[in-house]
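The values are calculated or read from the model by the stated rules, or taken from the named source; none is laboratory data. Remember, it's a predicted structure, so these values are computed and weren't measured experimentally. Here the Cβ positions follow ideal geometry from the backbone for every residue, glycine too, while neighbour counts run over all protein chains shown.
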Amino acid sequence: MSANFTALAYLVSAILFILSLRGLSSPESSRRGNVMGMLGMAIAIVVTILSPNVLSYEWIIGGILVGGAIGAVIAQRIAMTAMPQLVAAFHSLVGLAAVLVAAAAFYNPEAYGIVDAGGELKVLSRVEMGIGIVVGAITFSGSIVAFTKLQGLVSGNPVVFPGQHMLNLLIGIGILGLIVWFCMDMNPTVFWAMTALAFLIGFLIIIPIGGADMPVVVSMLNSYSGWAAAGIGFTLENTALIIVGALVGSSGAILSYIMCKAMNRSFFSVILGGFGGEEGGAGPAQQTDRPFKAGSADDASFILKNAGKVIIVPGYGLAVAQAQHALREMVDELKEEGVDVAYAIHPVAGRMPGHMNVLLAEASVPYDEVFELEEINSDFSTADVALVIGANDVTNPAARDDPQSPIYGMPILDVDKARTVLFVKRSMSAGYAGIDNELFYKDNTMMLFGDAKKMVEDIMKGF
């Protein structure tokens, strides 16, 4: 295969990736975007395999078959509630792949055509390799920590200790020093020391980040995985890898910025130590000294079917209970009664960007009924009912009204401005930010305790 044809095929692949990102920016075009992305990747893989530099196909075909089979099984079996940790796990594999490819190029640079006239690895390739290895190793270990937190294998609470920031700074300086050393001397000890420290700092920068900041972490690690791929792409002089890595890295960085803005948090405040742990407790038996109003499914049925306008706010509790299909059925019945229904989505609802949008799409909720925070927030004041299902921190009025609150300034959905708030939740426990929700104690709030799916089904029985 000629170099010109390869370059042209990579260009077509890159264009398809760009169109894929454009398609994924809207629910209506997301399917088309996915198809374009898959087609672009297929072209890139086929062209790379047909490269004259490939001497043996046994391992390549074996890897494709094994990896494809594992991916197909995971895609069929994974629950929507586990999607955030799956994304984190996949990010870790991208980072590890970058490290392994760099190691292969380090020990056999001639096979990759990245040697100078003296037969040694090019200096520029050493710089690119060093950066790619470090970012890839950080992505791998950081993603593993994020996966264990999201999966519940370890506590979602921040892990902090004295001197943590200073230790991270010293390790970071050490990594930079080793990269410089590696550029001057291709010593295997330096190569692996640099890699080991990068693995370590990836672990250390994620453990202090709590559950409330997990959406930012997921998008941030997505960005890291892209830059790792781009760095190795420069090392291998592979145009497709550079373009794909840059697209993933830049889009992930932009998404991280959007997530931070939605939480009124700076990127560095997240990295230097997050807040928030796991939601604890279960059932209405959890004690609180403050008065609140509890209701039943029958109460909610009466209020909803007599409402003129209802806004539904889904959260992670909806995902855990897999209540999206039951919710869609309930909304269909409400619309038959003449009730105007809309859905309000906060940018960081759930545990990853777009989590709630995907859940609602899975239940075939019409796209024109789903609105982002900026589009619908002013409508709560004219709504008869705001039905909150499993969301917590993103509806906490303290973020708007209490300057002393740790989440003060974070944009929230103004559900408390609705005439009545129905709040479906398992208990009175705090959310992922570990902060009591002032909405629970408002005069216009009625708490509905129980599993979200069962509660929605019980509400429907009263229609």
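Does Val115 satisfy the criteria of being farther than 30 Å from Ala323 by Cβ and within 29 Å of the chain's Cα centre (by Cα)?
Here the answer is no, as Val115 does not meet what is asked.
Among Ala361, Ala383, which is touching a residue at least 24 places away in the same chain (Cβ under 8 Å) and within 26 Å of Ala88 (Cβ to Cβ)?
Ala361
Here is a yes/no grid of residues against (1) of a type outside the set (A, V, I, L, M); (2) out of contact with any Gly (no Cβ under 7 Å at 6 or more places or on another chain); (3) buried (at least 16 other Cβ atoms within 10 Å of the Cβ); (4) not in a helix (DSSP H, G or I):
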site: Ala103; (1), (2), (3), (4): no, yes, yes, no
site: Ala111; (1), (2), (3), (4): no, yes, no, no
site: Gly119; (1), (2), (3), (4): yes, yes, no, yes
site: Ile131; (1), (2), (3), (4): no, no, yes, no
site: Ser141; (1), (2), (3), (4): yes, no, yes, no
site: Ser155; (1), (2), (3), (4): yes, no, no, yes
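Take Arg351 and decide whether it is modelled with pLDDT under 95, in a loop (DSSP other than H, G, I, E, B) and farther than 14 Å from Ile311 by Cα.
Considered against the rule, which asks whether it is modelled with pLDDT under 95, in a loop (DSSP other than H, G, I, E, B) and farther than 14 Å from Ile311 by Cα, Arg351 comes out as yes.
If I filter segment 134-154 for residues that are free of Cβ contacts under 8 Å to residues at least 40 places away in the same chain, closer than 16 Å to His91 by Cα and either out of contact with any helix residue (DSSP H, G or I) (no Cβ under 8 Å at 6 or more places or on another chain) or not assigned by TED's automatic domain parsing to the domain that holds Pro406 (or both), do I get at least one hit?
There is at least one residue in segment 134-154 that is free of Cβ contacts under 8 Å to residues at least 40 places away in the same chain, closer than 16 Å to His91 by Cα and either out of contact with any helix residue (DSSP H, G or I) (no Cβ under 8 Å at 6 or more places or on another chain) or not assigned by TED's automatic domain parsing to the domain that holds Pro406 (or both).
Name the residues in segment 158-177 that are touching a residue at least 40 places away in the same chain (Cβ under 8 Å), buried (at least 17 other Cβ atoms within 10 Å of the Cβ) and in contact with a helix residue (DSSP H, G or I) (Cβ under 8 Å, 6 or more places away or on another chain), would you?
If the condition is that a residue be touching a residue at least 40 places away in the same chain (Cβ under 8 Å), buried (at least 17 other Cβ atoms within 10 Å of the Cβ) and in contact with a helix residue (DSSP H, G or I) (Cβ under 8 Å, 6 or more places away or on another chain), then Ile175 is the only one that fits.
Being charged (D, E, K, R), over 25 Å from the mean Cα position of the chain (by Cα), modelled with pLDDT of 85 or more and on the phi < 0 side of the Ramachandran plot narrows it down to one of Glu128, Glu110, so name that one.
Working: Glu110 fails: modelled with pLDDT of 85 or more.
Only one candidate passes the filter, namely Glu128.
Suppose we filter Val365, Val341, Val310 for residues that are modelled with pLDDT under 95 and either aliphatic (A, V, I, L, M) or in a loop (DSSP other than H, G, I, E, B) (or both); which single one remains?
Details: Val341 fails: modelled with pLDDT under 95; Val310 fails: modelled with pLDDT under 95.
After ruling out the rest, the residue left standing is Val365.
Among what's in segment 1-33 and is of a type in the set (S, T, N, Q) and part of a helix (DSSP H, G or I), pick the residue that is surrounded by the most Cβ atoms within 10 Å (Cβ to Cβ).
Ser13
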